[in-house]
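Notes follow once the structure below has been shown.
The values are calculated or read from the model by the stated rules, or taken from the named source; none is laboratory data. Note that the coordinates shown come from a computational prediction; the quantities given were computed from them, not determined experimentally. Cβ atoms come from the backbone with ideal geometry, glycine included; neighbour counts cover every protein chain shown. Side chains are part of the model used for accessible areas, which takes the heavy atoms of the whole protein and leaves out ligands, DNA and RNA. Shrake-Rupley method; radii C 1.70, N 1.55, O 1.52, S 1.80 Å.
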Amino acid sequence: MFSKFTSIIQHAVDALAPHLSMQEEFVYHWKAITSFFIDNKGEKMPVEQTNLAPHLEQMLLLLRREEEEGGDGGMYGPCLEYLIQHRLLDTLFSLARTDYPAGMKPTVLSFFTRLLSRIHQPLLAHVNVYRPVQRLIKACGEVRAGPTEIEEIQFLCTVCAKVKTDPYLVNFFLEAPKAPSGTDLPKSHPVTQEPPSDNKLHQDFHLVKTLLNLSHSEDSRVAVKACEGLMLCASLPDPVAAHCLVNRTGFCEDLTSRLVDTYRRLPAEINPLDLEHVQAKWGLEVVTRSEDEQTFAGKRQLVSFLSWLDYCDQLASVANPIVSEALARNIHQQFLVPHFQADLLQMSESGCITATAYMTRCLRTVCSPRLLSELVLFLLGDTRKPEAPDDPGDSLRARLIQRCSGLSEEIALITLQLFDTLLQKDDEHILHNLVLRNLEHRQYIDLLAKRKSYELECNTDACVHPSYNNPSKTDGVNTNTVEVKDGKINVESNTVNQICKEESSKNGSGITKDKREVISESLPEISGRQSDNAESEKESDSSTSSKVESCEIEAKDPEVVISEGCKDAGDSAEGKHKQTSKGESKDVQCKPDDNGAGSETEFSPMSTPQHLQTEVHKVVNCFLTLLPEDLKSSNQTSDSGYDMYLKDAHKQFSSLVDACKSGGYATAQSGNKSEPVPQFYEGAFLRMVLDRLSHLLDQSYPINLQLTSVVSKLALVPHPCLHEFLLEPYLPLRQGTRNLHTVFKK
């Protein structure tokens, strides 16, 4: 009551006092604060019974008004100059440190917070500002569940926001470690000086240490705010600050240990369907005890683990690459290998199913490239060389693939779901480790059969004269010639003989002389439609000769090479593409160069001419013919959902193409030179998939459905070798090699 009466009298005196300048009023309020400690020595009263908080509030208002009236000049006003030059913030820190009177620490913290947030002029770069701020940071988080946690986290988050806005300010909060007691530093090297270059990466980062302490608060609001501050500090672009955060704080170890603690509290057995439908986002995990009992036991622990994993994933996404790599590596070494690997390799069927379901859920949660890469390396290993049939490979990878073909259907199903989730992630190592490293050398092709097929295509497509549609052939060589004389097209008599022979076979009787003359007279009219082609063969010589260039094929095991020996065929007597023009009759021939001279182009889907690649509609029809007509039910129903299926397939393919751009699949050159192998090995994963496909009629519907999902994702990958191996039904395969078409056909 007496303090209120005194405050009323003080306000009345202030109102009746003469008008003062802002600096004089500012000094007056500060002296009122210092006089309180002089006049009240030894007295114990809470800060609420004093006028200290109102005086500090008036000082803030004066500083704010001074900045508004000063405009955008950027110069410090007299009040701010007084605060900095007389080191008022150091005095306030001393009062907060002693917490005298009781409650002075939260009052000073609120003053610092509002000073840094409301004053837009750069203050933290001044030595008389960042030193007391740094000392006040060290004073925060000392007591777990302390009464000033709210004010402390507000102050720390304000400092983090200021540093994030101006990243260069972080250097003022990196402090060289103190020398051990008993050692004297040289006078020329005081503790406050900038540390030498070799010690810059080992400075103390007290802001991060304090935030780590507050992140363990029982108050969820304080813990979430502390985690937000850690995310801001981890995302600073300064490499020195990133190294100090990793080397001089327990940042990575603390986050990983909390991930281990939440994982250990997970239920030992859980329904994979319940695990799939749980939604967990960091900062929003609110599951009451009654809700936990109503849904399934262990939901609170599951949400807590997934929420913290989501936080680590978000932090790894936005953090400095140095911090992100260190955190991901620490999670791999301290969490995945010691804890998750043992659970995945256990012999218990129920425990194995639960651990695999947890790993699948973790893969669905993780999106940051660095953390995802560590998860992939943990599951598949780092090997990139082609597999061998007798190579055991990575133990965890081999065990997971074996379980897909095991006797337990539940284990096989949950493991197939794990690989299905892996194939959906944007990481180049997944596809390369599972599939591509065994296909990139194209050892699955029968080179001899491929060479013969290519020669046949060359003879029928590149060496046929284009001036008529139905030429007669003798021993695979076209002997018909077309002569253009005086504007008329004369066809050699062997063509007439061929047509008459066909007509005779159809009618069952001979051809009369009059009918033969009619056929002979009508041939120029039939061929007249192509007279323009005959007259313009000089213009099309370049396009025709491009086919002739591919006539010579030379097989060199283990690769097929296209020789361009016919490239200069027009300059030699043999190997010419003879064409008819202006009364000259020239034959069409193509003879390869005996010496095989010319440049060599590696035979691959990217270098194969377009007219030699199988058309898409032929591939689709070839697969469709494997299914009997009476089993094709889509044509019997009006609404089969086929249009929706096409839209969904197109969407999946488009998203996968965008995701695979980083892998360079669209421009990948297959058919790299490699040592020939006696037998092609598709790899453990593809062998498991093909074995499962061969037992489609004997497996349960869930297994077949999950297997279909895995195969469809492999078929969507835009890689030429994978497309060729999986989807090319006319591919000449080596003996004992299987692909999708051969398995389905069998």
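Roughly how many percent of the accessible protein surface of the range 334-381 is carbon and sulfur, given a 1.4 Å probe and a whole-percent answer?
58
Expressed as a whole number of Å, what is the distance separating the alpha-carbon centroids of the range 79-101 and the range 211-230?
Each part's Cα centre sits 27 Å from the other's.
Counting heavy atoms of the protein chains only and a 1.4 Å probe, report the per residue accessible area for the range 16-61 as a whole number of Å².
Roughly 63 Å² per residue, with all protein chains present.
Leaving ligands, DNA and RNA out of it, report the carbon-plus-sulfur percent of the accessible area of the range 78-147 at a 1.4 Å probe.
The nonpolar share, carbon plus sulfur, comes to 53 percent.
Cβ neighbours within 10 Å, averaged per peptide: list 409-422, 39-52 in order, most packed at the top.
My ranking of the peptides, most packed first, is 409-422, 39-52.
How many nm is it between the label spots at GLU276 and SER655, if each spot is 7 Å from the Cα in line with the beta carbon?
1.6
Roll a 1.4 Å probe over the protein chains and send me the accessible area per residue for the range 379-448 in Å².
Accessible area per residue, the range 379-448: 42 Å².
Could you pull out the pairs from LYS661/LYS746; LYS632/LYS746; LYS138/LYS200 whose alpha carbons sit more than 29 Å apart here?
Violating the 29 Å limit, Cα to Cα: LYS661/LYS746.
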